[in-house]
1. Give the separation of the Cα centroids, the range 25-51 to the range 328-342, in Å.
2. Once you have the Cα-Cα distance between Arg281 and Arg19, take 0.36 nm times their residue separation minus that, and quote the gain in nm to one decimal.
3. Assuming R0 = 56 Å, what is the FRET efficiency of Glu253 and Asn212, from their Cβ-Cβ distance, to the nearest 0.05?
4. Using the per-residue mean of other Cβ atoms lying within 10 Å as a proxy for protection, in what order, highest first, do the peptides 210-218, 54-62 fall?
5. Given Cα pairs under 8 Å that are at least 6 residues apart, what percent is the relative contact order of the chain?
6. Label-point separation (nm) for Ser294 and Glu49, each offset 7 Å from Cα along Cα-to-Cβ?
7. With the full set of protein chains in place, find how many percent of the accessible area of the chain is carbon and sulfur; take the probe as 1.4 Å.
8. Compute the signed sum of charges (Lys and Arg +1, Asp and Glu -1) over the other residues within less than 12 Å, Cβ to Cβ, of Val186.
Amino acid sequence: MITEYIRLDRDDPDPEAIRRAGAVIRSGGLVAFPTETVYGLGGGALQAESSRRIYAAKGRPSDNPLIVHICSMEDLPAIVEDVPSFVPALAGAFWPGPLTMIMKKSELIPSETTGGLDTVAVRFPSHKTAMALIREAGGYVAAPSANRSGRPSTTTGEHCLEDLDGRIEMILDAGPVGIGLESTIVDLTRDVPEILRPGAVTEQMLREVIGNVSVDRTIYGEDDGRAPRAPGMKYRHYAPEGELLIVEGGHSEVRRYIRDALERDRAAGKKTGVICAEEHREDYPADSVKSAGSAEDETAVARSLFRFLRDFDREGVERIYSEAFSQDGIGQAVMNRLMKAAGHRIVKL
Ligand code: TXA
Ligand code: MG
């Protein structure tokens, strides 16, 4: 299959291109498209066959449910059994935006889309191209992140091409995304809403709107053998080909630890990489040093993390060390993704 690659203006996407992309999805095809979090791999959410094709294109296990994307609150009631009481407040505060809510699904959603579950994850993204595409595609677009299973989510059109060229009909490229990490997922099917995946909408922000929220403890790394409640969180994720280790502690200890490790790796002939805060760049004599913003700026790390992991693979880096980042704001999500990429390998000094 030839994958058509279309560049769009982020603020003023060509309506004709979006109409064509919408027609591709309506006729059962797949289109990678930008959202404010990461790129999505979109297919018709109400068509079982489209969901099957999404799993095949990603190489993803079909028990891992997809997120259904909508572009209007009016379209919500048809796909859920009833609208949970928390929805108006949460939607008022965070939709359109980087929040996914899990609810009981209606008959309209085929079980292929939800990986056999009787619940459905719903998101109303804020990206212009995403909203226009969902409308043109008929209002319901199933979209996981647009990466091959196991790889980092895609944050640019080029990354989508790298992973999905020849496997899908079309890629809409509107430049790099704004947030860089996938949406926060909150499960509304329980008495107390529970965060299943941290993202740009933080625990604190949710508490301010709906009071009590619980958190699936498996998402913060400490692997205690329990299965995470979002099926997708259990799979190996984001892991770069090189071995990644997170080093946490006071900066002078972290610096010493990583420098010693780099020296050993160099002696062993290994190609090395480091992820660190901007102000520590000069501290690390590695083959490839990646930094994004200062230690205080979690949003900059969030935006760049998946690109860094992909770049290390392209550069053939074999040993990677990352400083730990602040857990403030989106920092909690950054550390969650970093821990998964590291296979939970962390040294605490
Ligand atoms: O930001 C995002 O959410 C991006 C963009 C494209 O919208 N999408 C995304 O989709 O990250 P995906 O498929 O890569 O991750 C969806 C996660 C998976 O971990 C999946 O297991 C979980 O959501 N999930 C989906 N439906 C669920 C459900 N009904 N119950 C529990 N977890 C669910
Ligand atoms: Mg994903």
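1. Centre-to-centre (Cα) distance: 26 Å.
2. Values: separation 262, 0.36 × 262 = 94.32 nm, distance 4.53 nm.
In short, 89.8 nm is gained.
3. Numbers: r = 38 Å, r/R0 = 0.67.
Efficiency, rounded to the nearest 0.05: 0.90.
4. Highest mean packing first, the order is 54-62, 210-218.
5. Working: 796 pairs, mean separation 67.2, N = 349.
That works out to 19 percent.
6. Modelled inter-label distance: 5.6 nm.
7. Working: 6590 of 14110 Å².
Carbon and sulfur: 47 percent of the exposed surface of the chain.
8. Details: positive: Arg123, Arg190, Arg197, Arg207, Arg229; negative: Asp187, Glu194, Glu203, Asp216.
Cβ neighbours under 12 Å give a net charge of +1.
The values are calculated or read from the model by the stated rules, or taken from the named source; none is laboratory data. Keep in mind that this is a model prediction, so the values were computed, not measured. As a convention, Cβ positions derive from the backbone with ideal geometry for all residues, glycine included, and neighbour counts pool all protein chains shown. These accessible areas exclude ligands, DNA and RNA; they are computed on the full protein's heavy atoms, side chains included. Shrake-Rupley method; radii C 1.70, N 1.55, O 1.52, S 1.80 Å.
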